[in-house]
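For reference, the structure is listed below as structure tokens.
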Amino acid sequence: MVMTKVIKIDPSRPSEKLIREAAEVIKRGGLVAFPTETVYGLGADAFNRLAVLKIFKVKGRPPDNPLIIHICRFNQLYELAMEVPDRVISIVKKFWPGPLTVILRKSSRVINEVTASLPTVAIRMPAHPIALKLIEYSSTPIAAPSANLSGRPSPTTPQHVINDLMGLIDVIIDGGETLFGVESTIIDMTHDPPRLLRPGPLTIEEVERVLGGEVVIPPFARGLMESDKALSPGVKYRHYAPKARMVLVELSSYEDLRPLIMKVRELALMYVNEGLRVGILCSDETISHYKDIRALSLSLGPRSNQFIIAKNLFKTLRAFDEEEVDIIVAEGFEERGLGLTIMNRLRKASGYNIVKVDVGNLAICTRRNHIQAQ
Ligand code: TXA
Ligand code: MG
């Protein structure tokens with residue numbers, strides 16, 4: 001057990017004195033949880049082996065899952081990467097500070113503890129005043145995974161970090177709720193064309209526009225299957241998982257939501273009848289259709305606003321855990337724009353426990369039943 005100090009800092013008027021206090025902890029080899037625009041990070045001096053190893057120990061993170069290094073100035077990129085191709089410069093100039101992580105070949109300065117001995121390194125410049133000042137005052141790049149226990153949903157509020165890491169780390173900076181609520185978009189720039197490793201708040205369409213070319217989306221980046229390839233070691237572990245079991249209902253088309261509502265109702269009622277505590281993860285458009293079911297229905301927001309759906313995702317998964325539900329029946333979302341990010345997280349959170357509804361067939365079935373009934 002260590003004494004964890006919680007320091008409250010207002011992101012709109014960040015106190016230099018308080019951030020310097022946290023930076024001193026980083027300099028001394030301690031661990032500091034801090035807000036970014038995506039999720040909370042658990043930071044250590046990226047050049048301090050013992051401090052970096054502590055991150056893995058505290059989170060219970062497999063040692064072969066590498067960390068992202070956070071920087072506050074563009075020239076730190078050259079310190080960490082062996083080479084910075086022009087196309088990388090074009091996207092970081094456009095999107096940094098911001099929710100974009102690039103994978104590059106690492107320089108000899110980067111320690112193996114951070115990259116899990118890979119020849120590449122993940123780098124990002126977060127768009128958050130507290131994160132940027134913390135890196136600056138620490139006088140070193142900061143290695144940081146999300147500030148959750150390994151396998152749990154990433155923390156989007158200081159309370160989530162407190163729940164997971166109180167008594168395990170030196171400082172938690174309370175900077176309020178994070179803006180995006182999902183982790184950064186990761187693009188492997190060592191491939192040509194570049195490959196998406198993890199969809200995030202920055203959509204692939206936006207990146208492609210700036211690159212003037214295609215970014216490859218492998219199936220695992222859609223959360224479609226487990227991969228043990230060393231491309232992004234993180235993809236092989238169960239992620240973002242609530243304590244409850246979860247089943248995800250996906251439609252072949254989301255134009256008409258009635259088939260989704262029907263399947264979610266059917267599954268939820270089945271689990272209720274089994275005597276389980278059931279949670280329904282749904283949307284503003286559908287929530288009223290579950291009122292009569294003895295389950296906890298929580299909406300992620302309106303389907304027309306993917307930003308809100310993404311922002312509420314991890315928070316809502318944790319809310320189900322607090323209510324100690326046994327099983328969550330979750331609605332799927334259209335996989336377009338931020339929908340790719342939302343579905344990646346939902347598929348992984350379900351442990352790939354997915355029920356697919358082919359809307360074409362269902363429409364035919366429904367029509368047949370109708371005819372029979374007549
Ligand atoms: O938004 C974010 O990215 C947050 C905040 C704190 O910055 N960080 C975050 O870190 O989500 P983490 O550790 O939870 O996820 C980092 C992912 C892991 O899936 C890891 O496998 C991948 O980045 N990664 C790190 N270095 C890599 C590398 N050299 N090659 C491929 N994937 C890498
Ligand atoms: Mg994580």
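The values are calculated or read from the model by the stated rules, or taken from the named source; none is laboratory data. None of the values given here were measured: they were computed from a predicted structure. Cβ atoms come from the backbone with ideal geometry, glycine included; neighbour counts cover every protein chain shown. Side chains are part of the model used for accessible areas, which takes the heavy atoms of the whole protein and leaves out ligands, DNA and RNA. Shrake-Rupley method; radii C 1.70, N 1.55, O 1.52, S 1.80 Å.
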Fill in: Of residues in the range 53-87 being in a helix (DSSP H, G or I) and within 15 Å of ligand 2 (Cβ to nearest atom), the one farthest from Ala122 (Cα to Cα)
Val58
Worksheet item: In the range 23-54, how many residues are away from ligand 1 (no atom under 15 Å from the Cβ) and of a type in the set (A, V, I, L, M)?
Response: 4
Fill in: Positions within the range 245-279 being closer than 18 Å to Ala319 by Cβ and assigned to a loop (DSSP other than H, G, I, E, B), in sequence order
Leu276, Arg277
Fill in: Residue match in the range 114-128 (condition: part of a helix (DSSP H, G or I), out of contact with any Pro (no Cβ under 6 Å at 6 or more places or on another chain) and surrounded by fewer than 19 Cβ atoms within 10 Å (Cβ to Cβ))
no
Practice prompt. Among residues belonging to the range 139-159 that are surrounded by 24 or more Cβ atoms within 10 Å (Cβ to Cβ) and over 14 Å from the mean Cα position of the chain (by Cα), point out the one that is farthest from ligand 1 (Cβ to nearest atom).
Written response: Pro141
Worksheet, complete the sentence: Apart from one, (1) open to solvent by less than 10 Å² (accessible area, probe 1.4 Å); (2) under 19 Å from Ala127 (Cα atoms) all hold for Gly30; the odd one out is (2)
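If a residue has to be more than 28 Å from the chain's Cα centre (by Cα) and in contact (Cβ under 8 Å) with a residue 12 or more places away in the chain to count, how many in the range 291-308 make the cut? I'd like the intermediate steps shown before the answer.
Of the residues in the range 291-308, the ones more than 28 Å from the chain's Cα centre (by Cα) are 291-294.
Of the ones still in play, those that are also in contact (Cβ under 8 Å) with a residue 12 or more places away in the chain are 293-294.
Residues flagged as more than 28 Å from the chain's Cα centre (by Cα) and in contact (Cβ under 8 Å) with a residue 12 or more places away in the chain within the range 291-308 amount to 2.
Give the number of residues within the range 280-328 that are of a type in the set (A, V, I, L, M, F, W, C) and in a helix (DSSP H, G or I).
So in the range 280-328, the residues of a type in the set (A, V, I, L, M, F, W, C) come out as 280-282, 287, 293, 295-296, 298, 300, 307-310, 313-314, 317, 319-320, 325, 327-328.
Still in the running and in a helix (DSSP H, G or I): 287, 307-310, 313-314, 317, 319-320.
Summing the residues that are of a type in the set (A, V, I, L, M, F, W, C) and in a helix (DSSP H, G or I) in the range 280-328 gives 10.
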Fill in: Where Pro158 falls short, out of the listed (1) within 16 Å of ligand 2 (Cβ to nearest atom); (2) under 23 Å from Lys17 (Cα atoms)
(1)
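Matching residues to (1) farther than 25 Å from Pro11 by Cβ; (2) within 15 Å of ligand 2 (Cβ to nearest atom); (3) of a type in the set (D, E, K, R); (4) out of contact with any His (no Cβ under 9 Å at 6 or more places or on another chain):
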position: Lys106; (1), (2), (3), (4): yes, no, yes, yes
position: Val110; (1), (2), (3), (4): yes, no, no, yes
position: Val121; (1), (2), (3), (4): yes, no, no, yes
position: Met125; (1), (2), (3), (4): no, no, no, no
position: His128; (1), (2), (3), (4): no, no, no, yes
position: Thr140; (1), (2), (3), (4): no, no, no, yes
position: Ala144; (1), (2), (3), (4): no, yes, no, no
position: Leu149; (1), (2), (3), (4): no, yes, no, yes
Worksheet item: Hey, among the residues in the range 163-175 that are among the hydrophobic types (A, V, I, L, M, F, W, C) and assigned to a loop (DSSP other than H, G, I, E, B), which one's farthest from Lys59 (Cα to Cα)?
Response: Met166
Worksheet item: Based on what the data block shows, is Lys348 at pLDDT 95 or above and among the charged types (D, E, K, R)?
Response: no
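Hey, does the range 176-184 have a residue that's outside any loop (DSSP other than H, G, I, E, B) and within 16 Å of ligand 2 (Cβ to nearest atom)? Steps first, answer last, please.
Initial filter on the range 176-184 (outside any loop (DSSP other than H, G, I, E, B)): none.
Within the range 176-184, not a single residue is outside any loop (DSSP other than H, G, I, E, B) and within 16 Å of ligand 2 (Cβ to nearest atom).
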Discussion item. Which count do you get for residues in the range 162-217 that are among the β-branched types (Val, Ile, Thr), open to solvent by less than 50 Å² (accessible area, probe 1.4 Å), touching a strand residue (DSSP E or B) at 6+ places or on another chain (Cβ under 8 Å) and within 11 Å of ligand 1 (Cβ to nearest atom)?
Written reply: 3
